[in-house]
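What follows is one structure encoded as structure tokens, with my remarks underneath.
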Amino acid sequence: MRALAHPTRLRLLTLLREHGPQTAAQLGDVVDEAPGTVSYHLGKLAAVELIEPAETRSSDKRERWWQATAALTSWEPSEQLSDPARRAASASLEKSIAQVYAARYSEYVDAMPTFPVEWVAAGTTGDRTLRLTLEELSAMKTELESLVERWVDTAARRDHDDGGPAVPVALVYQAYRRP
């Protein structure tokens, strides 16, 4: 969790997941970091097995290609609460992720005027404060996860057929007891 909590590493892993195998130089162009700095961060991600070497995709055998080892990373924050070091690492990662979500949404708001009105109308954002029991919150979590999985399956099929113009869509949802 500590390795992934670094904003640059989180961004590099996201890029490898979204765009497939890349080199440190390619990633450096996107994150605006020197290839040596990117290589250092890639090494840290590889050390915790979040990424691995990928097959070389060019004739230059000196290039080192990297790929993500999984489509997502998950952990259960509740399982980290009893260990202060793990709790701190989990909190650090959660906060880094929240910053990424906030930055992405801000980019969307800035870009909104450039999108076709239909795409803006199809999106949604909102929030509610609900009064729920522990059991109801747990049931809502299960329903949300099931709904997301259904759409993950739809998106995966889209990767293999020509079902019309599809673009990357960000989905972020949160449900938690308010402090």
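The values are calculated or read from the model by the stated rules, or taken from the named source; none is laboratory data. A quick note: this is a predicted structure, and the numbers were derived from the prediction, not measured. Neighbour counts run over all protein chains shown; Cβ positions are idealised from the backbone, glycine included.
Under the condition of being free of Cβ contacts under 8 Å to residues at least 24 places away in the same chain and surrounded by 14 or more Cβ atoms within 10 Å (Cβ to Cβ), which residue from region 57-79 is farthest from Ala5 (Cα to Cα)?
Thr69
Can you confirm whether Ala54 is of a type in the set (Gly, Ala, Ser) and buried (at least 18 other Cβ atoms within 10 Å of the Cβ)?
In short, no.
Which helices (runs of 4 or more DSSP H) sit wholly inside region 1-84 and have at least 1 residues that are farther than 20 Å from Val100 by Cβ and among the aliphatic types (A, V, I, L, M)?
Fully inside region 1-84 and qualifying: 24-31, 35-47.
Pick from Leu81, Leu12: which is more than 20 Å from Tyr173 (Cα to Cα), among the hydrophobic types (A, V, I, L, M, F, W, C) and in contact with a strand residue (DSSP E or B) (Cβ under 9 Å, 6 or more places away or on another chain)?
Sole residue among the options that is more than 20 Å from Tyr173 (Cα to Cα), among the hydrophobic types (A, V, I, L, M, F, W, C) and in contact with a strand residue (DSSP E or B) (Cβ under 9 Å, 6 or more places away or on another chain): Leu12.
Could you check, for region 35-50, whether at least one of its residues is outside the structural domain of Ala155 (by TED's automatic domain parsing), surrounded by 12 or more Cβ atoms within 10 Å (Cβ to Cβ) and of a type in the set (Asp, Glu)?
No, because not a single residue in region 35-50 is outside the structural domain of Ala155 (by TED's automatic domain parsing), surrounded by 12 or more Cβ atoms within 10 Å (Cβ to Cβ) and of a type in the set (Asp, Glu).
Against the definition (at pLDDT below 95, over 24 Å from Leu15 (Cα atoms) and not assigned by TED's automatic domain parsing to the domain that holds Leu10), how does Gln80 come out, yes or no?
Yes: the conditions hold for Gln80.
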